[in-house]
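Following: one structure in structure tokens, then a few remarks.
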Amino acid sequence: MEKMDILVVGGGGREHAIIRKLKESPRCGKLYCAPGNGGISRDAECFDVKADDLDGMVALAKKLAVDLVFVAPDDPLVAGMVDALEAEGIAAFGPRKNAAILEGSKVFSKHLMKKYGIPTAGYEVFDQPQAALAYIKAQNTYPAVIKADGLALGKGVILCDTYEEACDAVKSIMEDKIFGASGSRVVVEEFLTGPEVSVLAFTDGKTICPMVSAKDHKRAFDGDMGPNTGGMGTISPNPYYDEEAAAFCMEKIFRPTIDAMNQEGRPFKGCLFFGLMLTPNGPKVIEYNCRFGDPETQVVLPRLKTDLIDILCAIREEKLDTLTLEWADEACACVVMASGGYPAAFKKGLPISGLNPEGQRNDAVVYHAGTKYENGKFYTNGGRVLGITALGATLDEALDKAYDAVEKIRFQDAHYRKDIGRPAAKTE
């Protein structure tokens, strides 16, 4: 069996989960990561090239003579890293730039759904603050959902309970540019209610294979309170997502999205993330992501039994229909340990205790999101620091294992939610 040397682009918990799953494959040769982090450095050789440095990553891939580059984060995908690699004859996993726009522009994705009849919230698009506020005032329905058009580190959505809050939100996005150029246009959207579901799917542009469902917990504090974060924990499966919902989504959302992108001349190959809401009127799309979600990946990939490298190769060769994906029946839970103050200001460089020399534990898998490794020790180096993950016969068992491990890991001002997945994941 020929081994494959693989370079993974990125440096967070998602990338650590991808690398540890790749390592399980008998086809896995040398593993590299750029820029990586402290924990990833124990599983792959890391290089100090920024994830969004297209020229630098192409040069690194050439220097290492890798067989495949796995582009994991949104920024380089939206910027066209896959195109840049393929132009140099380097095999890459992830959508090309013209397909990654599905995440890169909320305006594009909303117009696509409207054009092809894919269920989503009603919306209007504005490039002038005054027009957006006039519309919100005329609608007079709250909460109002205001979204920056472009990428915003998963934080570009503001829920406003009053007109005054909407004024502040529009000003901060469109005038103060808190999300930079991503806020040049905004989408004002109908507020939907119901349980949220994350479904990631492998697709080669023809066949689509949904993965097991997950539930993210975005708010910083217990009881779904506080500011939105990149995600404070996840569980899989999502208890709200049953076979009936899955069948509806396949027929009305997943398959039509792939077909729509083909119709637009933008074939999507890679991992497509569907952020869904199970509304009283059926499942609807909240958002698309053009890559593996973070921290959903940390609970989905541990349940994958099929060789990940086999899947990546099938997608590149457009032969995904020849594979049957197998998943473990076990539940999986991930609790994120974050720096005190996250998602606002926080300290870095604090020593972490409770991990072995590999940055792991015997009682749970530790995915490193924001750590550095110096002189044989691990230190905090980001907002989300660690994702403590465990499998169990039931969701309760997985959660108990994860939380037991969390309590044995320490760093100053560590913050984590105590209610991930409880009770039985029903936090709505």
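Would you mind finding the one in 330, 326, 358 that is closer than 20 Å to residue 15 by Cα and open to solvent by 20 Å² or more (accessible area, probe 1.4 Å)?
358
For the list (1) out of contact with any Gly (no Cβ under 7 Å at 6 or more places or on another chain); (2) more than 17 Å from residue 191 (Cβ to Cβ); (3) open to solvent by 60 Å² or more (accessible area, probe 1.4 Å); (4) charged (D, E, K, R), I need the number of the one condition that residue 165 fails.
(2)
Okay, residues lined up against (1) under 16 Å from the mean Cα position of the chain (by Cα); (2) over 21 Å from residue 307 (Cβ atoms); (3) of a type in the set (D, E, K, R); (4) open to solvent by 30 Å² or more (accessible area, probe 1.4 Å):
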{"site": "8", "(1), (2), (3), (4)": "yes, no, no, no"}
{"site": "23", "(1), (2), (3), (4)": "no, no, yes, yes"}
{"site": "32", "(1), (2), (3), (4)": "no, no, no, no"}
{"site": "41", "(1), (2), (3), (4)": "no, yes, no, yes"}
{"site": "52", "(1), (2), (3), (4)": "no, yes, yes, yes"}
{"site": "58", "(1), (2), (3), (4)": "no, yes, no, no"}
{"site": "61", "(1), (2), (3), (4)": "no, yes, no, no"}
{"site": "72", "(1), (2), (3), (4)": "yes, no, no, no"}
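Quick test for you: out of 277, 337, pick the one residue that is more than 28 Å from residue 376 (Cβ to Cβ) and not acidic (Asp, Glu).
277
Taking residue 84 as the residue in question, decide whether it is in contact with a helix residue (DSSP H, G or I) (Cβ under 8 Å, 6 or more places away or on another chain) and open to solvent by 20 Å² or more (accessible area, probe 1.4 Å).
yes
Taking residue 287 and the conditions (1) in contact with a Ser or Thr (Cβ under 9 Å, 6 or more places away or on another chain); (2) under 22 Å from residue 82 (Cβ atoms); (3) open to solvent by less than 30 Å² (accessible area, probe 1.4 Å), which numbered condition does it fall short on, given that it satisfies the others?
For residue 287, the exception is condition (3).
Here's the yes/no breakdown for (1) under 19 Å from the mean Cα position of the chain (by Cα); (2) within 23 Å of residue 225 (Cβ to Cβ); (3) among the β-branched types (Val, Ile, Thr):
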{"residue": "313", "(1), (2), (3)": "no, no, no"}
{"residue": "338", "(1), (2), (3)": "yes, yes, no"}
{"residue": "353", "(1), (2), (3)": "no, no, no"}
{"residue": "371", "(1), (2), (3)": "yes, no, yes"}
{"residue": "398", "(1), (2), (3)": "no, no, no"}
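What tally of residues in the stretch 372-417 results from selecting those that are open to solvent by 60 Å² or more (accessible area, probe 1.4 Å) and among the hydrophobic types (A, V, I, L, M, F, W, C)?
Within the stretch 372-417, residues that are open to solvent by 60 Å² or more (accessible area, probe 1.4 Å) and among the hydrophobic types (A, V, I, L, M, F, W, C) number 1.
For a quick check of your reading of the model, give me the residue pairs whose first member lies in the stretch 386-402 and is touching a residue at least 60 places away in the same chain (Cβ under 8 Å), whose second is of a type outside the set (A, V, I, L, M, F, W, C) and in a helix (DSSP H, G or I), with beta-carbon atoms closer than 7 Å and at least 6 apart or on different chains.
Close Cβ pairs satisfying both conditions: 387/13; 387/298; 389/298; 389/302; 391/302; 392/401.
For the stretch 216-226, name all the residues that are within 18 Å of the chain's Cα centre (by Cα) and open to solvent by 10 Å² or more (accessible area, probe 1.4 Å).
216, 218, 219
The values are calculated or read from the model by the stated rules, or taken from the named source; none is laboratory data. All values reported here derive from a predicted model rather than from experimental measurement. Quick reminder, even Gly has a Cβ in these numbers, built from the backbone with ideal geometry, and neighbours come from all protein chains shown. Quick note on the areas: whole protein, heavy atoms, side chains included, nothing else; ligands and nucleic acids left out. Shrake-Rupley method; radii C 1.70, N 1.55, O 1.52, S 1.80 Å.
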